[in-house]
Amino acid sequence: MSLTLSKKSEQVKPSSTLAITAKAKEMKSQGIDVVGFGAGEPDFNTPQNICDAAIKAIGDGFTKYTPASGTNELKEAVCKKFKEFNGLDYAPNQIVISNGGKHSLTNVFDALLNPGDEVIIPAPYWLSYPEMVKLSDGVPVFITGNKEQNYKVSAAQIEAAVTDKTKALVLNTPSNPTGMVYTREELEAIAEVAVRKDFYVVADEMYEHLIYGDDKHVSIASLNEEIYKRTITCSGLSKSYSMTGWRVGYTGASVEITKRMSAMQSHATSNPNSIAQKAALEALVGPQDAIATMRKEFDARRKYSFERVRNMPHVDCIEPKGAFYVFVDVSKVQDMKYKGEKVESAAKMADILLNEFNVAVIPCADFGFADHIRLSYAISMEQIEKGLNRIEDFLNTLE
Ligand code: GLU
């Protein structure tokens with residue numbers, strides 16, 4: 001037997017959002033004044049009542065194994081939130097608490113996919129979906145929501161991509177990286193296709209609390225009984241409660257899918273951190289005003305960022321409605337010259353911005369849109385202003 005490694009691990013790319021963010025943090029630690037529009041991570045402290053619940057959990061000795069799929073009290077709190085916020089009826093035996101949203105999604109794909117099963121992923125997509133699908137032996141099938149359609153895909157596009165191997169559709173609303181939000185009518189049309197063609201919908205609703213203006217979050221599973229049966233609703237605490245490091249995600253699904261996910265999780269990780277579960281419980285049942293406070297601040301940052309970017313030369317963007325990203329079309333920049341050399345790609349633009357202007361942005365080839373970059377406005381207004389000034393300086397030098 002030779003010392004070879006798995007083919008599966010060979011084809012997985014490391015997460016570039018995390019890699020760029022790590023590089024920016026490393027530059028900061030060297031004393032470089034970097035502005036980080038990289039990873040989508042709220043800059044707010046986790047609300048104090050949530051931290052206090054975790055400290056109390058430690059004091060109370062709540063530091064041992066819990067049931068592998070999460071404590072019953074937390075599952076009940078998740079059910080209540082699903083009912084009240086999403087209009088969804090899930091019982092505790094339909095809930096799995098996992099180690100963050102990514103873990104929930106990998107559990108879902110592991111539960112659903114057999115080798116060769118196809119998963120339709122609308123582009124632009126969050127970069128981890130295709131890698132997760134491949135890790136679960138599935139085949140990502142991409143369809144494109146272009147700028148003219150607000151980066152959203154239609155039910156007709158989804159239907160055209162369906163084959164006899166289609167197992168699931170990934171639906172992310174509000175969307176990372178575009179900030180777009182699917183309307184009820186759009187979701188109804190998609191649900192109709194999913195039911196008629198009989199495939200699952202993996203609904204990633206991680207940014208459900210972060211919608212600005214008049215749009216409303218609609219959970220596709222809430223539309224009717226048939227789509228409810230086929231949907232795995234995924235969410236988590238990271239973005240809404242500024243709890244990225246605590247790693248708590250959860251899913252609502254059929255009892256059958258939930259059992260499979262719980263069994264796999266019991267072998268892979270056992271329970272999510274017991275202390276983080278107590279913190280998550282407090283987040284869900286305690287005062288909710290922190291969500292509104294953070295949303296208000298994000299909204300101010302969104303408006304400012306959008307207004308600034310849309311008025312910059314050589315780039316274009318449409319108004320984001322949710323999440324905390326501005327998705328910027330830099331296709332014209334690629335054809336221009338910086339210091340006499342063609343910029344060529346969004347990736348090269350991101351390199352120039354980081355190395356010469358000390359601004360970290362995410363080039364979006366790994367999100368299925370090679371001529372776009374993503375800016376996360378989950379940083380302070382002061383940082384946003386400074387970072388956008390630097391991007392504008394860069395754009396003004398282009399010929
Ligand atoms: N989901 C966030 C982002 O897209 C965090 C980093 C990651 O997990 O990719 O920036």
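Once you charge only the Cβ atoms, +1 for Lys and Arg and -1 for Asp and Glu, what is the size of the charge dipole of the chain about its Cα centre, to the nearest 20 debye? Don't skip to the answer; put the middle values down first.
Working: 45 positive and 52 negative charges, 149 e Å.
Dipole magnitude for the chain comes out near 720 debye.
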Just from the alpha-carbon atoms, what are the Rg and Dmax of the stretch 22-100 in angstroms?
-> 18.3, 51
Here the gain from full extension of K386 to K342, 0.36 nm per residue of separation minus their alpha-carbon distance, amounts to 13.3 nm
The stretch 257-308: spread of alpha-carbon positions along the three principal axes, whole Å, largest first, is 49, 26, 18
Sort the following peptides by mean Cβ neighbour count (other Cβ atoms within 10 Å, averaged over residues), highest first: 95-107, 200-212, 223-235, 43-55.
-> 95-107, 200-212, 223-235, 43-55
Interchain or long-range residues, amide H under 5 Å from L210's placed H | A323
When the helices in the chain are scored as -39500 (n - 2.57) per DSSP H run of 4 or longer and the sum is shared across all residues, what 222 nm value do you end up with, to the nearest 500 deg cm²/dmol?
-> -13000 deg cm²/dmol
Express in % the proportion of alpha carbon pairs of the stretch 1-137 at distances exceeding 17 Å.
-> 77 percent
When only C-alpha pairs under 8 Å and at least 6 residues apart count, what is the relative contact order of the stretch 63-142, in percent?
-> 24 percent
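Using a 1.4 angstrom probe on the protein heavy atoms only, line up L18, L375 by accessible area, largest first.
On the way: L18 95, L375 10 Å².
These residues rank, largest area first, as L18, L375.
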Gaussian network model of the chain, Cα springs within a sub-10 Å range: biggest mean-square fluctuation belongs to which of F85, F324, F306?
-> F85
Potential lengthening between E26 and C51 on full extension [0.36 nm per residue; Cα-Cα distance subtracted] = 6.3 nm
Square roots of five times the C-alpha gyration tensor eigenvalues of the stretch 196-323, ordered largest first and given in whole Å, equal 31, 21, 14
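Check every DSSP H run in the chain and write down those whose alpha carbon atoms cover 18 angstrom or more along the long axis and whose mean Kyte-Doolittle hydropathy is -0.5 or greater. It would help to have the intermediate numbers written out before the result.
Numbers: long enough: 16-29 (19 Å, -0.19); 184-197 (19 Å, -0.34); 255-268 (19 Å, -0.34); 289-310 (31 Å, -1.16); 381-397 (24 Å, -0.75).
Going by DSSP H runs, the hits are 16-29, 184-197, 255-268.
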Cα-centre dipole for the stretch 288-373 with unit charges at Cβ (Lys and Arg positive, Asp and Glu negative), debye to 20 | 260 debye
Over the stretch 248-399, calculate the relative contact order: mean separation of alpha carbon pairs under 8 Å at least 6 apart, over the residue count, as a percent.
-> 19 percent
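Stick to Cα atoms and the Kirkwood definition of Rh, then tell me Rg/Rh for the chain. Show your work: numbers first, answer last.
Working: Rg = 21.1 Å, Rh = 21.8 Å.
Ratio value, two decimals: 0.97.
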Take the alpha carbon atoms of the stretch 123-192, find their center, do the same for the stretch 47-66, and report the distance between the two centers in whole angstrom.
-> 38 Å
Can you give the extra length, in nm with one decimal, that the chain gains between E84 and R196 once fully stretched, where that is 0.36 nm per residue apart less the Cα-Cα distance?
-> 37.5 nm
Please give the per residue accessible area of the chain, computed with a probe of 1.4 Å over protein heavy atoms only, in Å².
-> 43 Å²
How many nm separate the modelled label positions at N72 and F142, each set 7 Å beyond the Cα in the direction of the Cβ?
-> 4.7 nm
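At a threshold of 8 angstrom on Cα-Cα distance, excluding pairs fewer than six apart, so keeping six or more, what relative contact order does the chain reach in percent?
On the way: 788 pairs, mean separation 90.6, N = 399.
Once divided by the residue count of the chain, the mean separation gives 23 percent.
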How big is the stretch 83-150 by the Kirkwood estimate over distinct Cα pairs, in Å?
-> 13.9 Å
Where the centre of each part is set by its Cα atoms, how far does the stretch 275-323 sit from the stretch 354-368, in angstrom?
-> 20 Å
Whole-percent carbon and sulfur share, accessible surface of the chain, 1.4 Å | 52 percent
For Y200, the residues 5 or more places away or on another chain with a placed amide H closer than 5 Å to its own amide H are A168, L169
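The values are calculated or read from the model by the stated rules, or taken from the named source; none is laboratory data. These figures come from a predicted structure and were not determined experimentally. When we count neighbours, we look across all protein chains shown, and the Cβ atoms used for this are built from the backbone with ideal geometry, even at glycine. Just so you know, the surface numbers come from the protein's heavy atoms only, side chains and all, with ligands and any DNA or RNA stripped out. Shrake-Rupley method; radii C 1.70, N 1.55, O 1.52, S 1.80 Å.
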